[in-house]
Amino acid sequence: MSLHFIDLVVIAIYFAVIAGIGFWATRGKKTSEQYFVAGRSIPMWAVAFTIMATIISTGTFVGHPGTAYQKGLILLVPHLLVPFVLLAVAKVVVPFYRRVVRMSAYEYIGQRFGLGGRFYTSFGFLADRIFDLGVTLVTTALAINVLTGWDLRVVILGVGLFTIFYTMVGGMEAVVWTDVVQGVILMVGGVFVLGRLMFAPEAGAPFAVVAETWRAGKLTLGSWDLSLATFTDPKLTTTWLFCLAYAVQWTRRYATDQHIVQRYLVAKSDEAASKAAFWSALLCVPVFVVFMFAGACLAGFFALAPVPPPPVPDSAMPYFLAHFMPAGLLGLVVAAILAAAMSTVSADLSSVGTVLTTDYFLHFYPNASDRARLLCGRSMIAIGGVLTVVAAWLLLPEKDSTPLMERVIMIASILSGGTLGLFCLGFLTRSATREGCYIGIACCAAFTAWAILTEPRNRALDLGFNFPLNPILIGICSHAVLFGTGWIASRIMGGFRPDDVDRLTYFGLKKYANTTAPRV
C-alpha cells in the first residue's frame, strides 16, 4: 500500500518541525550541563510532557492494542497503577535526587556503595534501554510496514538515524521540546483512531464494535483467580501477576532509571520536578486507556466488517489504519506513530549518552575538558543508536509468536538485574555496606542465571531444584534477592559505609533538605 500525497505532506511537515526544533535547541550551547540537563531551566508543564512522551512509546500505539486485540484488557489495570507509584516518587524520590546527583542517577549508587555498584547499575540500565529501544523501533517498523509496504529493516534504520541526528545536535533541550510536540500529536492521533472505530460504517451502526467486542469477551480485565497456580503455572498470566510485575517495573523505572531521573533534573525547582512527575502519570493514563480500548475494539470491528483479519495480532492497529483511515488523517496517525517512537528513542539515547559520559568516561578521564565531555556525549549517543538498530533487527517477531508486549515485561524485568533492590538497600537502610552490596549483587546474578536456565517455560537445564514460578517473576524476585542478601551480609560482615550515610538515605531527607549535589 502507498500513502496518498496529502499523507506524505503531513509526514514531511512533521519531520521538518522536529528537525527545526533540534537546530533551534543548539543556540547558546556552551557547557556539558546545558547539553545533558538543559541547565535545569525547563518549566514544569514541559517536564511533565517529556516524561509522558518517554513512557508512551510505539509499544502503546502498536504493541498494547495488539495484546488487547488478542487477549483483551489484561494490561489495563497494571497501567492504572502509574499514578499511585508516582505519588510516592514525586514526594520522596524526586527531591532526593535533585540534591544528591548532578547528571546521572548512578552517581548516587557510587556515593553510597562505591564504583562497583555504580558500574553494575549503570550497565544494567544501558542493557535495558538498548533492549527497550529495540522494541520501540520494532513496533514502529511493524506499523509503517503495514501502512506503506516498506521493508522493516529499512524503516528501523531510517527512524533510528533521524532520531540520532537531532538528539546529537540539540541535546536534552531538543529532546524536551520535541517531546512536547510529539506528545500532542500522539494524543490527537489516538482520539482520531478511537473516533474512526466507534463510528465505522463498515461495522454497522455507531458503537456496534463495542457491543461485538463485549460479546467476544475482549473487554474483560483478565483472570482474577488468586491461587498457588497464579504464581507457579508458566502458561497462566493473570491480572494479579501483571499488576505485581508492572508495579515493580513502574517503581524501578521512575525511581532508578536514568532516562526518567534525568527529566527530574532538568526542571527549574524541586517543586516543579515533583509536580511534573505526578502530572506526567495523569497524562499517561488516558493515553493507555484509549489505545488499549481501541485495540480490544479492533476484535469487534474485524468480526463485523467484511474484511479479512490482520495476519499477526501485533499488526492489528497498523492494519486497520492502513485500510480504513482517510487521506490526511492517515498521515497524522503515521506522524503520531513516528512521534511516539522518536520521543522515546531520543529521550533514551540522551540518557544513554549521559550515563556513558558521566559514569564511565569521567571516571577514567576525570580532568577532561568540557569540550571533550560534549564530544563524548554526542559520540555515545551515536553508538547507542547503532546498537539500538541492531537490537531491533534481532527482535523482529515471527508468526505465531507470543504477543510482543507480553515478552517485553519478562525480558525487561530480567535485564533490570535487581536495580530496584539495590536502590532500596541504599536508600531505606543505614546499615547496608559496600561489601554487603557486592555480595547482594553476586547472589542476584547467580539467582537470575539459575532461574533463566531452569524456568519451566523454556527449561535449558534440569538441576532437580529448578525455578518453580512463572518466568515473569524472575525479575521481581531478583530485586528481593539482592536486597535481602545484601542487607543480611551487611549485618553479619559489616564493612564500609560513607561518613555521611544519613544524607544518602531516607532518614536524612529533612536534615539535608537544603543541600545541593556536588559538581561533576
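What follows is calculated from the coordinates using simple rules that are stated; it is not laboratory data. Since we're looking at a predicted model, the values are computed, not measured. All Cβ positions, even for glycine, are placed from backbone atoms using ideal geometry, and neighbour counts span all protein chains on display.
The table for this structure:
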{"item": "Approximate spin-label separation L115-L236, in nm, with each point projected 7 Å along Cα-to-Cβ", "result": "4.9"}
{"item": "Sorted by Cβ neighbour density within 10 Å, fewest at the top, the residues K275, K91", "result": "K91, K275"}
{"item": "Net charge of Cβ neighbours under 10 Å - reference R129; Lys, Arg +1; Asp, Glu -1", "result": "-4"}
{"item": "Likely footprinting exposure, I164, I492, fewest C-beta neighbours within 10 Å first", "result": "I492, I164"}
{"item": "Rounded Å value of the spacing that divides the Cα centres of segment 70-108 and segment 349-372", "result": "25"}
{"item": "Cβ-defined net charge surrounding Q258, 11 Å radius [Lys, Arg +1; Asp, Glu -1]", "result": "-2"}
{"item": "Summed residue charge, Cβ within 15 Å of G384's Cβ, Lys/Arg positive, Asp/Glu negative", "result": "-3"}
{"item": "Cross-link partners of K218 among aspartates and glutamates (Cα-Cα below 18 Å; sequence separation of 8 or more within a chain)", "result": "D314, E406"}
{"item": "Estimated 222 nm signal from helices in the chain, with DSSP H stretches of n ≥ 4 weighted -39500 (n - 2.57), rounded to 500", "result": "-22500 deg cm²/dmol"}
{"item": "Net lengthening on full extension, I6/R491 (0.36 nm per residue, minus Cα-Cα)", "result": "167.9 nm"}
{"item": "Nonlocal amide H pairs with G222, under 5 Å, H built at 1.01 Å", "result": "L73"}
{"item": "For segment 418-433, 3J(HN,Hα) per residue [Karplus equation, 6.51 cos²θ - 1.76 cosθ + 1.60, θ = phi - 60°, Hz, x = Gly/Pro]", "result": "x, 4, 5, x, 5, 4, 5, 4, x, 7, 9, 10, 7, 7, 4, 10"}
{"item": "Spatially proximal aspartates and glutamates relative to K510 (Cα-Cα < 13 Å; intrachain offsets below 8 disregarded)", "result": "D502"}
{"item": "Anisotropy class of the chain from Cα gyration tensor, a/c 1.5 cut", "result": "oblate"}
{"item": "Under 16 Å from K268, Cα to Cα: aspartates and glutamates that are on another chain or at least 8 residues apart", "result": "E33, E173"}
{"item": "Per-residue ³J(HN,Hα) for segment 204-210, Karplus 6.51 cos²θ - 1.76 cosθ + 1.60, θ = phi - 60°, Hz, x for Gly and Pro", "result": "x, 5, x, 6, 4, 5, 5"}
{"item": "In sequence order, calculated HN-Hα J values of segment 10-16 (Karplus, 6.51, -1.76, 1.60; Hz; x Gly/Pro)", "result": "4, 5, 4, 4, 4, 4, 5"}
{"item": "Packing-based exposure ordering (other Cβ within 10 Å, fewest first) of H64, H259", "result": "H259, H64"}
{"item": "Extension reserve of the D462-L394 stretch, reckoned as 0.36 nm per residue once the Cα distance is removed", "result": "21.7 nm"}
